[in-house]
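Peer 1: Here it is, the structure, as structure tokens.
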Amino acid sequence: MSIKGSCCCGGVRFELFEPPLLMGTCHCSRCRKAGSGVYAYVRAEAFHWLAGEALLTRYRPKPPFRFTRSFCRRCGTSLGDPDSGRILAIAASCLDDDPGVRPSFDEFLPDRPPWEKPE
Ligand SMILES: [Zn+2]
Ligand SMILES: [Zn+2]
């Protein structure tokens with residue numbers, strides 16, 4: 001099986017060999033500003049680059065924040081953190097196929113901005 005994903009310009013492409021373990025939505029201001037909030041958590045062994053790994057730019061925040069943000073440097077698409085750890089947090093917004101899993105939890109709900117629609 002293969003679940004494909006890509007950035008806005010199509011330069012970065014990847015695939016998952018199995019459905020994500022789970023999906024969750026983060027409402028913190030860092031995710032909001034980085035342009036991704038829903039993540040698919042994928043085992044590193046199940047993630048594979050198809051193209052454009054060299055287009056990735058990484059932003060590593062100062063402590064206490066640890067979540068590295070990867071972007072396509074050509075189009076700015078936020079890809080989540082596809083290259084660190086045993087479980088990777090992939091920006092669900094990059095998925096081109098239905099991962100078959102739905103978001104099952106929320107983080108930092110109180111950090112939602114006043115203009116965000118209540119769920
Ligand atoms: Zn791109
Ligand atoms: Zn967040």
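The values are calculated or read from the model by the stated rules, or taken from the named source; none is laboratory data. Here the structure is a predicted model, which is why all the values come from computation and not from measurement. When we count neighbours, we look across all protein chains shown, and the Cβ atoms used for this are built from the backbone with ideal geometry, even at glycine. Side chains are part of the model used for accessible areas, which takes the heavy atoms of the whole protein and leaves out ligands, DNA and RNA. Shrake-Rupley method; radii C 1.70, N 1.55, O 1.52, S 1.80 Å.
Peer 1: Using a 1.4 Å probe, what is the accessible area per residue for the chain, in Å²? Could you put the intermediate results ahead of the total?
Peer 2: Details: 6910 Å² over 119 residues.
On a per-residue basis, the chain sits at 58 Å².
Peer 1: Next question, about the same structure. Subtracting the Cα-Cα distance from 0.36 nm times the residue separation, let me have the gained length for Cys9 to Arg66 in nm, one decimal.
Peer 2: Working it through step by step, the gained length comes to 17.8 nm.
Peer 1: In addition: Hey, any idea what the orientation-averaged projected area of the convex hull of the chain's Cα atoms comes to, in nm²? Could the numbers behind the result be given before it?
Peer 2: On the way: hull surface 30.4 nm².
Taking a quarter of the hull surface, the average projection is 7.6 nm².
Peer 1: Which FRET efficiency value, to the nearest 0.05, is calculated for Asp83 and Leu22 with the Förster distance at 30 angstrom and r the Cβ-Cβ distance?
Peer 2: Values: r = 20 Å, r/R0 = 0.65.
Working from the Cβ atoms, E equals 0.95.
Peer 1: Next question. Could you tell me which of Leu88, Pro114, Cys26 has its Cα farthest along the dipole of the chain towards the positive end, charges placed at Cβ (Lys, Arg +1; Asp, Glu -1), taken about the Cα centre?
Peer 2: Pro114
Peer 1: Round to a whole number: what % of the accessible area of the chain belongs to carbon and sulfur, probe 1.4 Å? The partial results should precede the final answer.
Peer 2: On the way: 3760 of 6910 Å².
Accessible surface attributable to carbon and sulfur in the chain totals 54 percent.
Peer 1: So if R0 is 41 Å, what FRET efficiency would Ala54 and Phe105 give, r being the distance between their Cβ atoms, rounded to the nearest 0.05?
Peer 2: On the way: r = 34 Å, r/R0 = 0.82.
The computed FRET efficiency comes out at 0.75.
Peer 1: What FRET efficiency, computed as 1/(1 + (r/R0)^6) with R0 = 22 Å and r the Cβ-Cβ distance, is obtained for Asp97 and Arg43, rounded to the nearest 0.05?
Peer 2: Working: r = 17 Å, r/R0 = 0.78.
With a Förster radius of 22 Å, E is 0.80.
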